[in-house]
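The values are calculated or read from the model by the stated rules, or taken from the named source; none is laboratory data. Just so we're clear, the structure is a prediction, and the values are computed from it rather than from any experiment. Reconstructed Cβ throughout: ideal geometry from the backbone, glycine too, with neighbour counts over all protein chains shown.
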Amino acid sequence: MLLLNTIVVRKEKLTTVSDTVSLDEALRVLEESGYRCVPILSEDGKKYKGNIYKMHIYRHKANGGDMNENVMSLMKNDNKFIYLTSNFYNVFFDIKDLPYIAVLNDNNDFHGILTHASLLNLLEDSWNIKEGKYVMTVASAGEKGDLAEMTKIISKRANLASCMTLDAGRDKYIRRTLFTLDKATTKEALDEITKKLEKKHYNVIEVEDLDA
């Protein structure tokens with residue numbers, strides 16, 4: 001199963017408006033739903049047209065605009081969408097300035113939306129904090145083989161719940177890696193791991209006790 005498909009909110013669960021409604025009708029939908037924006041779909045519900053924002057309708061109304069105008073007159077984000085098969089890491093850049101991003105299937109039909117909350121929940125799961133005892137932040141030079149060597153040192157003395165590398169591509173001389181050690185890790189094992197890492201010139205810059 002595609003990773004994105006597991007965290008996308010399907011269109012059947014969404015509040016949307018048709019591209020045939022007026023601004024007045026769209027505003028009514030927005031006010032009743034409580035959302036600041038909703039997707040605009042084709043009349044048959046298959047194609048994504050863009051988003052309609054409550055603030056844009058309010059601004060239009062305050063300036064004496066005609067509320068009987070078609071909703072498409074204030075449509076935004078028509079080119080802001082991804083596919084179920086999109087590269088997962090690129091999604092972070094695509095959604096950066098949006099409350100959500102539309103997701104299309106291989107037929108270019110609207111499948112649903114991906115929200116910021118869904119991405120944050122996925123990151124939280126990948127960090128595996130619930131299964132961890134300690135999170136070690138280790139600095140390395142980012143050279144080939146560093147991650148393998150650090151992982152080998154740690155796995156001899158503790159089970160790894162997760163591993164996350166930061167700073168990739170930002171600084172070629174410094175790479176921070178976060179290792180989450182599982183619940184069974186003792187303080188003695190942690191101290192031994194720290195000693196062995198630093199002996200190999202990997203700097204343990206922070207250790208967080210998740211039970212503290």
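Restricting attention to the range 182-200, and to residues there that are without any contact (Cβ under 8 Å) to a residue 24 or more places away in the chain and assigned to a helix (DSSP H, G or I), which single residue is nearest to Ala139 (Cα to Cα)? Checked the range 182-200; the qualifying residue nearest to Ala139 (Cα to Cα) is Glu198. Filtering the range 29-36 for residues that are surrounded by fewer than 18 Cβ atoms within 10 Å (Cβ to Cβ), without any contact (Cβ under 8 Å) to a residue 12 or more places away in the chain, assigned to a loop (DSSP other than H, G, I, E, B) and assigned by TED's automatic domain parsing to the domain that holds Ile95 leaves a non-empty set. Residues that are part of a helix (DSSP H, G or I) and modelled with pLDDT under 75 within the range 121-153 comprise Leu122, Leu123, Glu124, Asp125, Ser126, Trp127, Ile129, Lys130, listed in sequence order.
For the range 93-105, the criterion of being touching a Cys at 6+ places or on another chain (Cβ under 7 Å) and at pLDDT below 95 is met by at least one residue. Consider the range 59-118 and keep the residues that are part of a helix (DSSP H, G or I) and of a type in the set (A, V, I, L, M). The one that is surrounded by the fewest Cβ atoms within 10 Å (Cβ to Cβ) is Ala62.
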